[in-house]
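The values are calculated or read from the model by the stated rules, or taken from the named source; none is laboratory data. Model, not experiment: these values are computed from the prediction. Cβ: placed from backbone, ideal geometry, glycine included. Neighbour counts: every protein chain shown. SASA here: full protein model, heavy atoms, side chains in, ligands and nucleic acids out. Shrake-Rupley method; radii C 1.70, N 1.55, O 1.52, S 1.80 Å.
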Amino acid sequence: MTSRRMFLSIISCVALGFVSCDVDVPITEMVKARTTIERARTAMAEKYDNDNLTKAEDWLKKSHDYIIAKDSKNAKIAAEKAIVYADIALQTSLPQAVDDLLSDAKTVFKDADDLYAEKLAPEQFTAAGNAIVESEQMKEEQNLWDAFVKAKEAVAAGTEAKEIALDQVPQLNGEIDRLKKDAEDLGALKLTAEQKKEVAEASANLDKAQELIAQNRIKEAVPLIAASEEKLMNVKTAVQKVSAKDRIAQLRKEVEQLNRERGSEFAGEDLGVVTAALNEAESLLDQDRYDEASGKIAEAESALAQAKEKTTKGLAIDKSKSVQKLLEEVKKKDADNKFQDEIARASETIAEGNTLLESGSYPESLAKYNDAESLLYSLGVAREKDYLKDKGLLEDAEGKKIYKVIYNRQKRDCLWRIADKIYNNARLWPLIYMANKDQIKDPDLIFPGQRFVIPDIPKKKENGRSEEKDKEAVKEEEM
């Protein structure tokens with residue numbers, strides 16, 4: 001049984017009446033002896049003055065023994081000797097204990113400082129620093145026990161500050177990983193030489209910061225992280241600004257294109273909103289108010305999307321009318337039902353477009369109408385080719401009408417016969433002659449196999465003369 005347990009046992013026995021009432025137990029001396037021994041132990045007397053500490057414990061044990069033997073006089077003497085030896089152990093140990101504990105407190109405080117506890121655990125860090133200062137003052141005043149207690153407080157507060165700061169390490173490493181990803185993303189963009197340098201420096205700082213954190217030197221790492229974040233943010237802002245300006249320019253082009261597609265007719269108000277928002281965005285970018293500028297760009301994009309939808313709707317409605325009219329015209333011209341299947345297909349496509357238009361699928365409906373229109377126009381081309389074939393004409397790669405002179409013994413080809421056949425007017429033969437003077441030396445002399453360009457009949461001028469008649473007049477004057 002240890003001296004402490006024996007002491008508690010004796011006190012319990014006295015309290016319960018197990019020790020005879022005629023024994024005068026020196027409770028005061030024994031309690032003081034026990035308290036002084038505990039203080040000496042707390043002051044690390046086992047390390048610095050174990051002999052006197054042992055003597056104090058032995059004398060306290062003897063005091064217990066005397067009590068049991070009902071020898072209160074010697075019990076008191078033994079307790080007093082225990083107090084003396086315990087106090088000697090305490091006074092001998094305290095100076096060294098204070099020095100050692102203050103050294104531990106300063107070491108812990110330095111570790112906490114390296115871990116940047118000043119920012120990450122400010123309350124505990126400040127408490128540790130203040131306790132160290134107070135302990136040193138008490139030491140100078142020879143108030144060693146209080147100095148010892150304050151030094152213990154400093155160690156506890158510094159240790160807590162360290163633990164709180166160390167808990168932040170995963171978060172700091174996560175922040176570094178995020179910034180490294182930002183640097184990687186920026187590196188993939190088109191940057192200026194200076195911007196590339198900034199990104200490279202930020203990446204190097206982040207690598208160094210990670211090394212410092214692994215060494216528990218967070219205080220040195222945090223400024224590197226902050227500097228890296230600032231560099232990357234500056235580059236990102238500059239890139240975003242250029243990107244925003246490019247986007248503004250692109251949106252302006254889209255507005256111009258939509259206006260060419262009758263956008264101002266169908267969505268003039270929306271396009272006005274787009275232009276105003278883009279103007280504001282440019283102004284905000286010049287003031288480096290990127291977030292607000294982004295909001296205005298988003299506003300412009302939304303208004304432009306509405307304008308495009310309204311324009312597409314208007315175009316689809318107009319196209320539905322024009323293509324229906326074209327269908328009716330083609331039906332009238334196809335008297336012999338030569339293109340009946342194609343016309344049916346065009347009608348079906350128009351019907352599909354109408355359904356899509358009614359459901360609000362404007363781009364899809366417009367596409368259907370365009371498909372039908374292309375098909376109907378192709379029928380017109382087919383009719384034109386039939387017309388050319390009937391007239392003995394061909395069409396070359398450039399779309400010009402070509403007539404190939406043929407040999408006919410009974411009805412020899414000549415310019416006036418060709419004009420009569422093509423124009424239904426023999427008097428228009430000079431048109432063919434003028435268009436092919438490079439291969440016709442004599443209007444009365446043409447040869448089989450020759451290929452003549454057949455011009456369209458010129459439109460009349462305001463004075464009633466045609467361009468071709470003007471040419472003939474010039475020719476007559478020259479002759």
Legend entry - Extreme residue, farthest from ALA121 (Cα to Cα), among residues of the range 206-232 that are among the charged types (D, E, K, R) and more than 26 Å from the chain's Cα centre (by Cα): GLU211
Inset, instruction - Write out, first by first residue and then by second, each pair whose Cβ atoms fall under 6 Å of each other, whose residues are 6+ apart or on separate chains, and whose first residue, in the range 164-182, is at negative phi while the second is loosely packed, with under 12 Cβ neighbours inside 10 Å and assigned to a helix (DSSP H, G or I). - result: none
Inset, instruction - State which residue pairs qualify: first residue more than 16 Å from ASP444 (Cβ to Cβ) and inside the range 399-425, second residue basic (Lys, Arg) and in a strand (DSSP E or B) in any location, beta carbons under 7 Å apart, and separation of 6 or more residues or different chains. - result: ILE402/ARG451; LYS404/ARG451
Inset, instruction - Considering each of GLU160, GLU175, GLU230, GLU184 in turn, give the residue that is under 30 Å from THR42 (Cβ atoms) and either loosely packed, with under 13 Cβ neighbours inside 10 Å or at pLDDT 95 or above (or both). - result: GLU160
Legend entry - Filter result for GLU280 (open to solvent by 50 Å² or more (accessible area, probe 1.4 Å), within 37 Å of the chain's Cα centre (by Cα) and more than 19 Å from VAL242 (Cβ to Cβ)): no
Inset, instruction - Being buried (at least 20 other Cβ atoms within 10 Å of the Cβ) and either under 15 Å from LYS55 (Cα atoms) or among the basic types (Lys, Arg) (or both) is the filter here, so list the residues in the range 24-38 that pass it. - result: MET30, ALA33, ARG34, THR36, ILE37
Inset, instruction - Go over the candidates VAL108, VAL84 one by one and state the one that is of a type in the set (Val, Ile, Thr) and over 20 Å from ASN52 (Cβ atoms). - result: VAL108
Inset, instruction - Can you run down the residue pairs with Cβ atoms below 6 Å, 6 or more apart or on separate chains, where the first is in the range 207-220 and within 15 Å of ALA112 (Cβ to Cβ) and the partner is part of a loop (DSSP other than H, G, I, E, B) and of a type in the set (Lys, Arg)? - result: none
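Residues checked against (1) touching a Phe, Trp or Tyr at 6+ places or on another chain (Cβ under 8 Å); (2) free of Cβ contacts under 8 Å to residues at least 24 places away in the same chain:
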position	(1), (2)
VAL330	yes, no
LYS333	no, no
GLU342	no, no
ILE350	yes, no
THR355	no, yes
GLU358	no, yes
SER365	no, no
ASP371	no, yes
Legend entry - Search result, residues across the range 118-157 that are surrounded by fewer than 19 Cβ atoms within 10 Å (Cβ to Cβ) and polar (S, T, N, Q): THR126, ASN130, GLN137, GLN142, ASN143
Legend entry - Boolean, ASN337 is modelled with pLDDT of 85 or more and touching a helix residue (DSSP H, G or I) at 6+ places or on another chain (Cβ under 9 Å): no
Legend entry - Subset tally (residues that are buried (at least 19 other Cβ atoms within 10 Å of the Cβ) and not small (Gly, Ala, Ser)) for the range 314-325: 3
